[in-house]
Amino acid sequence: MKHRFGIFVIFLACITSIAQSNYSTIRGTITDSQEHAIPAATVSVTSTATAFQRTTKSNGTGIFEISGLQPGEYTLRVEAAGFASATTTVRVEVGQQLTSDFALKVGATQESVEVSATADLVKSTDASVGEVVESQSVANLPLNGRMLVDLVLTVPGAHEGFGAQSGETNPLYWRPGQRSAVSIGGNRPNANYFLLDGTINTDPTFNTQNFSPSPDAVQEFKVQTSSYTADMGGAGGGQINIVTRSGTSRYHGTFYDFLRNGALDAHTFDAMGSNHLVQNNFGGSLGGPIKAKKTFFFVNYEGLRMTQTMTMIDTVPTAQEASGDFSQSGVTIYNPFSAHNNPNYNPAQPVSPTNSKIIRDPFPGNKIPANLLSPVALKFLQQYEPQPNFSGGMSMAMMGQPSVFGSSPDSNNYMDERDEQHFADQGTVRIDQLFGNNDSLMGRYSISSENGFMPTNLPGFGALHDNLSQQAVGSWTHVLNSAMVNVAAVTFSRLSMNHTTQNAGVNDIVSELGI
């Protein structure tokens, strides 16, 4: 079974007060010591990482705004005739609208004043509620399996969800291991909306995350839980906006290999069977300048190799039951062809197997006659159904009658031990190009290949998956004038999923059974 989708999305935005969802904005007011507005003051913002610079001028009321900025650290410098210049260092987060006001002092133009900026305790520009998971948390917090979505759980109002997206409780069987079930603000997990570099990264079929980037390829991300701004709100749940890393003016790289091995783990008290586990996450990244510190690159690769023994306790028919003999099963088998009126029926009493308007007779000796057994069913049980290999029978009785779970000595009588396997390879390539102070381009392509085996059901009836996830974006930022910035972005998102059963193309069970 295959499922695919491809999406092209184009965003054109003239930015005056809000930026595209992954970009940041710095705004403020420039005044003198008497709090009088200073018009036509020159404001420049310079990226600490790439030395990219943008300039603008304050308007007639001393207000300035610089939009379309990538998250990161910037040096902000203000100059005006007859006043000493002022500089400060600020750090803007993904989607943040930062306010930084300046009060210039009268002095010579060659004088400079260092200003200490403080973060806003209360946002005055919008009412959105959320939190940014910064690069330090992404890089340093431990992640089992290096699943970035687990860091969403550090945000207040987010907790692990269950259902078709968890990949564990009720697996999203097409993409096992790619969990994205997080309940945010009390919403269902499938109400979340995923963005990567400000563009769609949501699988519309299951509302899960399409491409799950490696933590080493992520600069930071923001989780908005409620009261979204106009550029967000793609769904009613949480808005998860991830920004990838870009290259800087210095070369920087990482290499890692995380290994988990069951041979080094302690067995739990209720552990059954094998404790075999080998999980290996490995990869590396490299970023830096290419030419004249105007072009920057970042590349990342990560691989996963995991094999883990799954131990499951199932219930299978015994040899006697397969032949129609249920005398040792602890339940009564009724003949469906013996239905007749019950002369002793009492409508004033509760309905029971013996007090019903229509009753059936049990098979003599609790054995089904051979002429009533389906030859197709017998052949299937003999060829494809495993025999009991475990002494189960955790019988539970209530008022003398066996309960549904563990109802007879033949229940929980088969221990199934098979290896679950997950193999994944992913890579990201990003290029940033600076064209002077008014134009910049960004292009990124990410791809992930996932395949493996899930030992669901009984032996011979497991599931194989072979998936390919792709996500790409191209973005052009152009400064039209001091009050207007245009951001144009094109994104491509594709997810190809192939899910097959273990015996597909191997056994023609229907023909072998003579159906």
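One table, with the values for the structure above:
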read-out	value
Violating pairs (Cα-Cα greater than 32 angstrom) within the set K222/K294; K105/K291; K105/K294; K105/K222; K357/K379	K105/K291; K105/K294; K105/K222; K357/K379
Rg(Cα) / (2.2 N^0.38 Å) computed for the stretch 30-111, rounded to two decimals	1.08
Inter-label distance for H159 and Q34, nm, one decimal - labels placed 7 Å from Cα along Cα-to-Cβ	5.9
Residues of the stretch 286-324 with amide N under 19 Å of a point placed 7 Å along Cα→Cβ from F380	314-324
Karplus-derived HN-Hα couplings along the stretch 212-229 (A = 6.51, B = -1.76, C = 1.60, θ = phi - 60°), whole Hz, x at Gly and Pro	9, x, 5, x, 5, 9, 10, 7, 5, 8, 10, 10, 9, 9, 6, 6, 6, 6
Highest-first arrangement of 93-102, 437-446, where packing means the average Cβ count within 10 Å	93-102, 437-446
Heavy-atom surface of the stretch 213-314, accessible at 1.4 Å and reported per residue (Å²)	49
Span from the the stretch 471-515 Cα centroid across to the the stretch 240-268 one, whole angstrom	24
Packing-based order for 250-257, 346-353, 280-287, using average beta carbon neighbours within 10 Å, highest first	280-287, 250-257, 346-353
The stretch 55-102, accessible surface, carbon-and-sulfur percent (1.4 angstrom probe)	50
Zone of A319's modelled label, taken as backbone nitrogen in the stretch 362-376 under 19 Å from a point 7 Å along Cα→Cβ	367-368, 370
Interchain or long-range residues, amide H under 5 Å from G247's placed H	G288, F297, F298, D432
Label-point separation in nm, A370 to F282, each point 7 Å along Cα→Cβ	6.0
Separation of the N335 and D101 label points, Cα + 7 Å toward Cβ, nm	9.4
Intensity falloff of the stretch 230-302 expressed as log10 I(q)/I(0), Debye formula with alpha-carbon point scatterers, at q = 0.17, 0.26 Å⁻¹	-0.81, -1.10
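The values are calculated or read from the model by the stated rules, or taken from the named source; none is laboratory data. Since the structure is predicted, the reported quantities are computational estimates derived from the model, not experimental observations. Cβ coordinates were reconstructed from backbone atoms using ideal geometry, including for glycine residues, and neighbour counts include every protein chain displayed. What goes into the accessible areas is simple: the full protein's heavy atoms, side chains included, and nothing from ligands, DNA or RNA. Shrake-Rupley method; radii C 1.70, N 1.55, O 1.52, S 1.80 Å.
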